[in-house]
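Right, one structure below, let's go through it.
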Amino acid sequence: MGGVGAATAMALLGRARISELMLVNRNRARAKGVATDMRYGAPLSGPITIKDGDYADLAGAAAVIVTAGVNEKAGGATDRSDPAGRLRLLGPNSKVYEEIIPPVVAAAPQAVIVVATDPPDPLVEVARRLARHERVIGTGTYLDSLRFRVHLAQRLGVSAAAVDAYVVGEHGTSSVFLWSLVKVGGRSVEKIVAERGIPFDDFRQNVEREVRFANISIIEGIGASQYGIGIVSARLAEAIAADERAVFPVASHIAGFGVSLSLPSVLGQRGVLDVLTPDMSEEELRALEHSAERLRDALAKSRTGQ
């Protein structure tokens, strides 16, 4: 029930598409305080029960969203020039997951585990190992893709809902922007930009810079990125609970890459049901393999304590 956990809980309450929300925190008093505070506003939302509890109270959960861990500011991952980025948090947050995942699985063996802690992609691998099952996903590049859509929409003067765009790979410095597939109203964004007399390379670089460092800009203002990822985590939990089979760019183990990374995936009550690999350009495919290599390397170094 830190910043991300509380933001996720609030988003779930506001959307009111689940029946019961159980809040668990190392300090039970904090979970109780958040649950109590939210409960007083719940009558203005839909029918949802909000409780605080311990691991055992997660029994029967459709999804368990894990938000605990060291954040970017506390973990020293806010330097724009640092190529490691969020991957600096893998070591300390792996230790946090070693404490959390086993009791979660003991209490809710059928639940899908949603990794919201940074860095989510390699932590999916950590959680898979600890959970000993494949119903583990990470928020991955879902938030990056939304940020991509928002920044494109702002520059093009359209609604973000009208922009079809994906970021794949790592939720971090090696993320891959699928420019070849970006469409607005069915039209290529490259053609739209060209028609407006804007140099595409400059447009592309500026948008990517804004998206890649959006988290740091947020941290500089409020200390932590929490509301966007909270909304994203809530949306994924809804899709799992309702077995929606909707498509999201989330992280799961991709056998072909030998690691967990984000690709558009069909999400339902058993987690990722199918992975829909996009038709990427050669440049994008090479960038995705580079992203996978970085993630594999980070995991290998984490295991050896480097």
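Values for this structure:
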{"read-out": "Members of the range 214-226 found to be crowded, with 17+ Cβ neighbours inside 10 Å and not hydrophobic (A, V, I, L, M, F, W, C), listed by number", "value": "Asn215, Ser225, Gln226"}
{"read-out": "Residues satisfying the stated conditions in the range 263-281, i.e. over 20 Å from Val115 (Cβ atoms) and touching a strand residue (DSSP E or B) at 6+ places or on another chain (Cβ under 9 Å)", "value": "Leu276, Thr277, Pro278, Met280"}
{"read-out": "Hits in the range 188-243 (condition: hydrophobic (A, V, I, L, M, F, W, C) and assigned to a loop (DSSP other than H, G, I, E, B))", "value": "Ile198, Phe213, Ala224, Ala242"}
{"read-out": "Close pairs from the range 119-130: first under 15 Å from Glu98 (Cβ atoms) and at pLDDT 95 or above, partner part of a helix (DSSP H, G or I) and among the β-branched types (Val, Ile, Thr), Cβ under 6 Å, at least 6 apart", "value": "Ala127/Ile101; Leu130/Ile101"}
{"read-out": "Hits in the range 274-284 - residues which are of a type outside the set (Ser, Thr, Tyr) and surrounded by 13 or more Cβ atoms within 10 Å (Cβ to Cβ)", "value": "Val275, Pro278, Met280, Glu284"}
{"read-out": "Residue within the range 140-159 that is crowded, with 23+ Cβ neighbours inside 10 Å and touching a Gly at 6+ places or on another chain (Cβ under 8 Å) present", "value": "yes"}
{"read-out": "Residues within the range 88-111 that are in contact with an Asp or Glu (Cβ under 8 Å, 6 or more places away or on another chain) and closer than 16 Å to His171 by Cα, tallied", "value": "3"}
{"read-out": "Members of the range 74-94 that are among the basic types (Lys, Arg) and buried (at least 16 other Cβ atoms within 10 Å of the Cβ)", "value": "Arg86, Arg88"}
{"read-out": "His171, sole failed condition from (1) assigned to a helix (DSSP H, G or I); (2) under 19 Å from the mean Cα position of the chain (by Cα)", "value": "(1)"}
{"read-out": "Hits in the range 123-168 (condition: within 19 Å of Gln110 (Cβ to Cβ) and β-branched (Val, Ile, Thr))", "value": "Val124, Val136, Ile137"}
{"read-out": "Scan of the range 285-306 for residues that are of a type in the set (Ser, Thr, Tyr) and crowded, with 21+ Cβ neighbours inside 10 Å, ordered by number", "value": "Ser291"}
{"read-out": "Hey, Val189 surrounded by 21 or more Cβ atoms within 10 Å (Cβ to Cβ), closer than 27 Å to Leu276 by Cα, modelled with pLDDT of 95 or more and over 24 Å from the mean Cα position of the chain (by Cα) or not", "value": "yes"}
{"read-out": "Filter result for the condition that a residue is among the polar types (S, T, N, Q), touching a strand residue (DSSP E or B) at 6+ places or on another chain (Cβ under 9 Å) and in a loop (DSSP other than H, G, I, E, B), over Thr78, Thr117", "value": "Thr117"}
{"read-out": "Evaluation of Tyr97 against (1) assigned to a loop (DSSP other than H, G, I, E, B); (2) touching a strand residue (DSSP E or B) at 6+ places or on another chain (Cβ under 9 Å); (3) buried (at least 18 other Cβ atoms within 10 Å of the Cβ); (4) not acidic (Asp, Glu) (one fails), failing number", "value": "(1)"}
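The values are calculated or read from the model by the stated rules, or taken from the named source; none is laboratory data. Since the structure is predicted, the reported quantities are computational estimates derived from the model, not experimental observations. Ideal geometry is used to build each Cβ from the backbone, glycine not excepted, and the neighbour counts take in all protein chains shown.
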